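Everything on this sheet refers to the single structure shown next.
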């Protein structure tokens, strides 16, 4: 299965195998040379064939006299090598018989005709095939008459043997006379009506057939003749032609049959292939009206031939393959580039996030420093200088005593003094114990209260109590904000 | 022709698979491209976030300058690196300088000082100096100058004449923990 896939993908499947009997020679050998070999009784004639535009083009003929099997093979091998041909088509000119039949049937298609003629010729012949023979049929163009050729297996085997010894692949074994008759009936039928006689001659045989619009006559033939016998046979056949009739002549015998016909006079002689040096090979290579019968008796191992409508398959395959390579290649690059970009962006995002985190850390640090500064500020706010306050209190008490002395009033003596700040609070408790007169103590207390008031302290609680020989002054205060903003 | 029906089918199937490969390739490339675009958007957003954060940081840095200046001025007075021996030594020296007699020195480390709604680590120091009243005031001022962050939590004068004793309870904040 792999090989057919490769053949189809690489387009080889659309080039017919040289062994494919269902394909015309023109298609099989459109791009490769072919050696056409005509086997006569007395030798071989080889011609190089090339096809251009479906038409066969023949090279110059080379002839080899029959001197033995090896000599024939050597000649053919050398000829093929010279023309770089690896395949040959063999035209057998001997070993056939021809008969008129009205029991033949036509195949549904050319390929069916080939298959039936190879595998079950009885169905086309309408009667049992001749023993040890292979057949070919030349049909009347419009009616159910046909000339049935029977070719001896021995001659076909000789042709196959020749090809094998020559190391050439045998593209087709074909009867030149049968092919020529089919070709002429198909191609020149208009010129042959209403009736005519066909005289086909080559260098070893002569074939005669009378044709009319509605029937065919009995074929007459002489095969495998030497020059003298051939000349005699032709002379006799010419002599029996209808006087004043129409004759289609194909003559490659080299005996100038046209001159013989002219000598008889009063005849219409058609020579459509007069300029054709190889009329039988032309008929074989034309595959007209259908692909020629292959008399090859062996099994052909031909690679199948894909129809042209399947050409879309390799086009699609290679087109999509190319598109896949291009698209997948491009997309791989795109994907790789995009992934690279993606990684780059992700790395940048990571770096930017780290930068953002750093900035947020800075902000957090700033806020922390701000809070620390605020705490420190608040701490200082609740921790005013004590010395200054003590000096002011002392000054007030001294001033009170001085004033009392100047007015000759009793003074007081400080027994104890304490300042007590509440833990973490802007509150202060001042306790003073004065020894002395009540009025003097009261004067001192009033001055101290006035001092606190001037300094911005606000009173939470104030009380004076009696102590032995004096008075206790206890003042709970809210401390003022002294630092400003 | 029938001989090539299956190979043609196989080739067409392979062609179909290749087409599927093209589709998959296009899909993957599209996804990678979309991911790259999304990542690019993330990068732009992250860049904008960074710019905003940087602008905020710069603005806050400027706004925080007074606070930073304040901290720079006062931070050095925090006693977190100062040992109790240093403090007592300096208190003693200030007392002697003021012709006072220091005594009753004691200290405690505490992390339970309640301030500003938080527990503040502090060093509590008790000291008593005895001598002339005016000199005790001078010593008190010297202490407050020498330890500007110290809070004179409590002072208590007792005695009379030239044998006045000043018992002081000082609070040295170790650290202002804003967190």
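The values are calculated or read from the model by the stated rules, or taken from the named source; none is laboratory data. Just so we're clear, the structure is a prediction, and the values are computed from it rather than from any experiment. FYI the Cβ positions are ideal-geometry reconstructions off the backbone, even for glycines, and counts take in every protein chain you see.
Values as computed for the structure displayed
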{"read-out": "Matching entry among A:361, A:392, A:374, A:446 (being surrounded by fewer than 20 Cβ atoms within 10 Å (Cβ to Cβ), more than 7 Å from every other protein chain (Cβ to nearest Cβ) and in contact (Cβ under 8 Å) with a residue 40 or more places away in the chain)", "value": "A:392"}
{"read-out": "Meets criteria (assigned to a helix (DSSP H, G or I), at the interface with another protein chain (Cβ under 7 Å from one of its Cβ atoms), modelled with pLDDT of 90 or more and under 21 Å from the mean Cα position of the chain (by Cα)) for residue A:333", "value": "no"}
{"read-out": "Tally, over segment A:315-330, of residues that are facing chain B (nearest Cβ under 7 Å) and touching a residue at least 12 places away in the same chain (Cβ under 8 Å)", "value": "1"}
{"read-out": "Hey, residue A:438 more than 9 Å from every other protein chain (Cβ to nearest Cβ), in contact with a strand residue (DSSP E or B) (Cβ under 7 Å, 6 or more places away or on another chain) and exposed (fewer than 15 other Cβ atoms within 10 Å of the Cβ) or not", "value": "yes"}
{"read-out": "Test result for residue A:114, assigned to a helix (DSSP H, G or I), out of contact with any helix residue (DSSP H, G or I) (no Cβ under 9 Å at 6 or more places or on another chain) and in contact (Cβ under 8 Å) with a residue 24 or more places away in the chain", "value": "yes"}
{"read-out": "Failed criterion for residue A:61 (all others in (1) under 24 Å from residue A:186 (Cβ atoms); (2) modelled with pLDDT of 90 or more hold)", "value": "(1)"}
{"read-out": "Answer residue from segment A:377-389, given it is surrounded by 19 or more Cβ atoms within 10 Å (Cβ to Cβ) and outside any helix (DSSP H, G or I) and is farthest from the chain's Cα centre (by Cα) among those", "value": "A:384"}
{"read-out": "Conditions (1) closer than 30 Å to residue B:134 by Cβ; (2) free of Cβ contacts under 8 Å to residues at least 24 places away in the same chain; (3) at the interface with chain A (Cβ under 8 Å from one of its Cβ atoms): number failed by residue B:74", "value": "(2)"}
{"read-out": "Qualifying residue in segment B:32-48 (condition: over 30 Å from residue A:361 (Cβ atoms), out of contact with any strand residue (DSSP E or B) (no Cβ under 8 Å at 6 or more places or on another chain), touching a residue at least 12 places away in the same chain (Cβ under 8 Å) and buried (at least 16 other Cβ atoms within 10 Å of the Cβ))", "value": "no"}
{"read-out": "In segment A:246-282, the residues that are farther than 21 Å from residue A:63 by Cβ, in a loop (DSSP other than H, G, I, E, B) and at pLDDT 90 or above", "value": "A:271, A:272"}
{"read-out": "Residues (part of a loop (DSSP other than H, G, I, E, B), more than 17 Å from residue A:76 (Cβ to Cβ) and touching a residue at least 12 places away in the same chain (Cβ under 8 Å)) located in segment A:1-28", "value": "A:11, A:15, A:16, A:17, A:19, A:20, A:21, A:22, A:23, A:24"}
